[in-house]
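Enquirer: Mind looking over this structure? Questions follow.
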Amino acid sequence: MNKKLSVLIIGCGRVSAKHIKAINKHKDKLYLVGLVDTNESFAKKTLNDYTDKEYSSKVSIYSDYQKAVLEKKPDIVAITVPSGLHYQIAEFCLNNNCNLLLEKPMAMSSSECKKLYELSEKMHCKIAMGHIYRYFPLVGLLKDDLKNGKFGKILYGTISVRWGHSQDYYNSSAWRGTWKSDGGALMNQSIHAIDLLIWLMSDESVSVQAMLAKRLLEIEAEDLGLAVIKLKSGALASIEGTTATPEDDKQASFNIYCEKGHVALGLNKGKPWLDITNENGKKVNGHYILEQVKKYGVSSILSATNPHTAIYGNLANSIYNNESPIADGISGYTSVDTLLGIYKSARDGKRVNLPLEEDFNSMDMQGFIFDD
Ligand SMILES: NC(=O)c1ccc[n+]([C@@H]2O[C@H](COP(=O)([O-])OP(=O)(O)OC[C@H]3O[C@@H](n4cnc5c(N)ncnc54)[C@H](O)[C@@H]3O)[C@@H](O)[C@H]2O)c1
């Protein structure tokens, strides 16, 4: 019988609720030992809102993450602070032997991401990235079939992430939409979609050409970005990401066009959808749903409502079995590297080779002039 793993959450804002709900679903494997927020009242509120009284009396509240890590020595730390703080907190936790559930984007520069990955290897700690899309039902089955050639040659892929946010959302915290701590629609809202597309295609980015725009929102970074990525296989990936669309009409869609069929999936106003056709043009959605239920049970389909539940379950199993999480530290590094390549290409007005030959930091975008 595996021992239960203790979890400390650092950062008690919007996304922390998804983490606590997910930990609550894995009471056989995980227990919460502490919540940290520089504003302790946020940590207390999160505790009261999402845990029952009996359980919450065993959870400590901290304002200083270093003190919390040194006192609690947690097995897993969930890092859910603004993105510009991921690196320093993740580095401290890894140096203190903690496995990480690190929210996306991994960090704000390619060298920081590489260092975190290398440190995790050196310390024998796991990093699970908050790349939620890799954990959606059916995605694993589709990845296997695309890889083993069931759909023939992969020709190209596209993503559209129309993840509208209001000006109020951006005004709610000083870090949102800044180059230093967040980035814009691509770095924050689209990075896990870019990660999923290239992972499903079992490919690697080799170069990118991109443009950014600011169409509606008063933020420092982009509210719209378009890019074309050339992949190692010769396939192309088209990327569209925006937060300038209506907030109540959020959509994310993924399309992969193949020699023998077509895989499309996505979310529309929070509801997942699917459209998979085989080489004869016949819809085969049912086949994949049945396979998913047979292999992983009905509960795996229901996990679509909070993919963080699947991330925590997979991370616990990865620690028990000494395996890599589905979205590991490498996925954190390569996705940020591709994203920063997009930023560099837009800034310099030219195609950029990937992985980046020199370090690039989202701060290098400071002073970028949007010419629309
Ligand atoms: N995977 C996903 O689906 C998903 C969804 C939303 C957000 N995120 C990511 O999660 C992170 C947090 O986003 P959010 O929307 O919850 O932000 P938020 O601003 O709502 O919450 C961040 C919290 O961190 C706290 N904080 C700041 N500095 C701290 C420090 N040094 N120590 C402890 N606490 C500190 C703040 O007080 C705040 O309560 C971001 O990196 C974001 O990109 C991921």
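Enquirer: For segment 219-265, give me each residue that is basic (K, R) and part of a strand (DSSP E or B). Let's see the steps before the verdict.
Expert: If we filter segment 219-265 for residues that are basic (K, R), which is where we start, we get 230, 232, 250, 260.
Residue satisfying the conditions is K230 alone.
Enquirer: Going through segment 265-282 one residue at a time, which ones are surrounded by 12 or more Cβ atoms within 10 Å (Cβ to Cβ) and without any contact (Cβ under 8 Å) to a residue 12 or more places away in the chain? Show your work before the answer.
Expert: Kept after step one, since they are surrounded by 12 or more Cβ atoms within 10 Å (Cβ to Cβ), are these residues of segment 265-282: 265-268, 272-279.
Of everything in segment 265-282, just one residue is surrounded by 12 or more Cβ atoms within 10 Å (Cβ to Cβ) and without any contact (Cβ under 8 Å) to a residue 12 or more places away in the chain, namely W273.
Enquirer: For segment 227-260, how many residues meet the condition of being in contact with a Leu (Cβ under 9 Å, 6 or more places away or on another chain) and under 22 Å from S202 (Cα atoms)?
Expert: Number of matching residues: 19.
Enquirer: Residue under question is G177, and the condition is that it be buried (at least 18 other Cβ atoms within 10 Å of the Cβ) and either in contact with a Lys or Arg (Cβ under 6 Å, 6 or more places away or on another chain) or within 16 Å of A244 (Cα to Cα) (or both); does it hold? Lay out the reasoning, then the answer.
Expert: On the way: buried (at least 18 other Cβ atoms within 10 Å of the Cβ): yes; either in contact with a Lys or Arg (Cβ under 6 Å, 6 or more places away or on another chain) or within 16 Å of A244 (Cα to Cα) (or both): yes.
So G177 passes the test.
Enquirer: What tally of residues in segment 24-47 results from selecting those that are out of contact with any Pro (no Cβ under 9 Å at 6 or more places or on another chain) and away from the ligand (no atom under 15 Å from the Cβ)? Can you show your working first?
Expert: Within segment 24-47, the first condition is being out of contact with any Pro (no Cβ under 9 Å at 6 or more places or on another chain), and the residues that meet it are 24-32, 35-47.
Checking which are away from the ligand (no atom under 15 Å from the Cβ) leaves us with 24-32.
Selection size over segment 24-47: 9.
Enquirer: While we're looking at this one, here's another question. Would you list the helices (runs of 4 or more DSSP H) that sit entirely within segment 113-200 and hold 1 or more residues that are hydroxyl-bearing (S, T, Y) and modelled with pLDDT of 95 or more? Walk me through it before giving the result.
Expert: Values: elements: 139-147, 167-171, 191-200.
The helices (runs of 4 or more DSSP H) meeting that bar are 167-171.
Enquirer: A follow-up question, please. Residues of segment 151-201 being away from the ligand (no atom under 11 Å from the Cβ) and closer than 17 Å to L85 by Cβ, which ones?
Expert: G177, T178, W179, K180
Enquirer: From the residues in segment 93-134 that are hydrophobic (A, V, I, L, M, F, W, C) and over 12 Å from G329 (Cβ atoms), which one is surrounded by the most Cβ atoms within 10 Å (Cβ to Cβ)? Outline the logic, then answer.
Expert: Filtering segment 93-134 down to residues hydrophobic (A, V, I, L, M, F, W, C) leaves 93-94, 98, 100-102, 106-108, 113, 116, 119, 123, 125, 127-129, 132.
Adding the requirement that they be over 12 Å from G329 (Cβ atoms) leaves 93, 98, 108, 132.
Working: C93: 30, C98: 24, M108: 26, I132: 21.
This residue is C93.
Enquirer: Follow-up question, since we're still on this one. Across segment 29-52, which residue is surrounded by the fewest Cβ atoms within 10 Å (Cβ to Cβ) among those that are part of a loop (DSSP other than H, G, I, E, B) and modelled with pLDDT of 95 or more? So that I can check it myself, show each step before the final result.
Expert: Filtering segment 29-52 for residues part of a loop (DSSP other than H, G, I, E, B) gives 29, 37-39, 51-52.
Of the ones still in play, those that are also modelled with pLDDT of 95 or more are 29, 37-39.
On the way: K29: 19, D37: 23, T38: 15, N39: 11.
Restricting to residues being part of a loop (DSSP other than H, G, I, E, B) and modelled with pLDDT of 95 or more, the top hit is N39.
The values are calculated or read from the model by the stated rules, or taken from the named source; none is laboratory data. Keep in mind the model is a prediction, meaning the values are calculated, not measured. Using ideal geometry, Cβ is built from the backbone for each residue, glycine included, and neighbour counts are taken over all protein chains shown.
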